[in-house]
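Before anything else, here's the structure in question.
The values are calculated or read from the model by the stated rules, or taken from the named source; none is laboratory data. The structure displayed is predicted, hence computed values, not measured ones. Don't worry about glycine lacking a Cβ; one is built from the backbone with ideal geometry, like all the others, and counts go over all protein chains shown. With ligands, DNA and RNA removed, areas are computed over all heavy atoms of the protein, side chains included. Shrake-Rupley method; radii C 1.70, N 1.55, O 1.52, S 1.80 Å.
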Amino acid sequence: MGVIARLKDDIASIYHRDPAANGTIEILFNYPGMQAIWIHRVSNKLWVRNWRLSARCLSTFSRWLTGVEIHPGATIGDRFFIDHGMGVVIGETAQIGNDCTLYHGVTLGGTTWQAGKRHPTLGNNVVIGAGAKILGPITMNDGARVGSNSVVVKDVPADTTVVGIPGRVVATPSAQSKETSQRRTEMAKKYGFDAYAVSPDNPDPVANAIGQMLDHMHLMDSKVQEVCQAVQNMGGSVCTEKLPELDVEDFCEAELAAAQKRQKSLDEFDPII
């Protein structure tokens, strides 16, 4: 993958994972996590070519500039996102897969002074909360999640959530929950909005309500499809046309009009009355 393509990939991943992102220029100049990753990619090339001093000097400059310390020997995959960034430390033998997310204060550290593999390995789609410490040559398998301020010293199975000191598994996905999450994600995409936080185990009551609405919409779609199929089998002619696509622009315009109306009401309010 070329430099420009990889840069666009990183920017797109930040848009997807951070609702506070407002523009490409803002991301390039005001996201220290992204800046640290790109400086690391240069220092890592120097490290691999055995220009060790230059690589370490560049990584030290990156730490001073961004507050993120990444050893030049660390291996990092595509679309890696460090949110906020300050205080993140990634050791020399750490390996990070694709689409991983780290928040501020995370440490991928070692537990021994012996040479060799002594830092964690992260699979794909791993999320580590703020202040968490992942210590030793352990493996965080694909989809693993670590709660904030947890200390993890053992391997974490795929798609599980770990919290506490020491870290312990608190959520193991079942086949039913995986199926529910996938179905909700597909329904969300169909109706034109981001499927962020619609998983069945999310503690947010608003997200749970949205998830239940998606389940209801999926059931209604299935029932209508079954009725149409039955009528067609009986010789009828219904449901032959494709349903029109939902135009989310109408919803956006309605929300904007409502916001302007609320602002106008606030502007006209006289606190003296």
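At what distance in nm do the modelled label points of ASN149 and ASP9 sit from each other, each positioned 7 Å from its Cα along Cα→Cβ?
3.7 nm
Taking 0.36 nm per residue of separation and subtracting the Cα-Cα distance, what length does fully extending VAL48 through THR111 add?
On the way: separation 63, 0.36 × 63 = 22.68 nm, distance 2.41 nm.
Length gained, VAL48 through THR111: 20.3 nm.
Can you list the residues, at least 5 places off or on another chain, whose amide H is less than 5 Å from the amide H of ILE76, using H built in the peptide plane?
ILE96
What is the stretch 18-160 by shape, rounded, prolate or oblate, if you read a ≥ b ≥ c off the alpha carbon gyration tensor as root eigenvalues and call it rounded for a/c under 1.5, prolate for a/b larger than b/c, and oblate otherwise? Walk me through the numbers on the way to the answer.
Values: a/c = 1.73, a/b = 1.07, b/c = 1.62.
Verdict is oblate for the stretch 18-160.
What are the ³J(HN,Hα) couplings of the stretch 52-67, residue after residue, when phi is run through the Karplus curve with 6.51, -1.76, 1.60 and θ = phi - 60°? Round to Hz, x for glycine and proline.
Karplus-based 3J(HN,Hα) across the stretch 52-67 equals 5, 5, 4, 5, 5, 5, 5, 5, 5, 4, 4, 5, 5, 6, 10, x Hz.
Here is a further query. Given a Förster distance of 25 angstrom, what is the FRET efficiency for THR75 paired with PHE29, based on the Cβ-Cβ distance and rounded to 0.05?
Details: r = 27 Å, r/R0 = 1.07.
Between THR75 and PHE29 the formula returns 0.40.
If amide H atoms are built 1.01 Å from N in the plane of the peptide, which residues on other chains or at least 5 residues away come under 5 Å of the amide H of THR139?
Close amide H contacts, sequence-distant or interchain: THR121, ASP155, VAL156.
Can you pull the percent of the stretch 78-147's accessible area that's carbon plus sulfur, 1.4 Å probe, other chains left in place? Kindly include the intermediate steps, with their values, before the conclusion.
On the way: 1380 of 2700 Å².
Here it works out to 51 percent.
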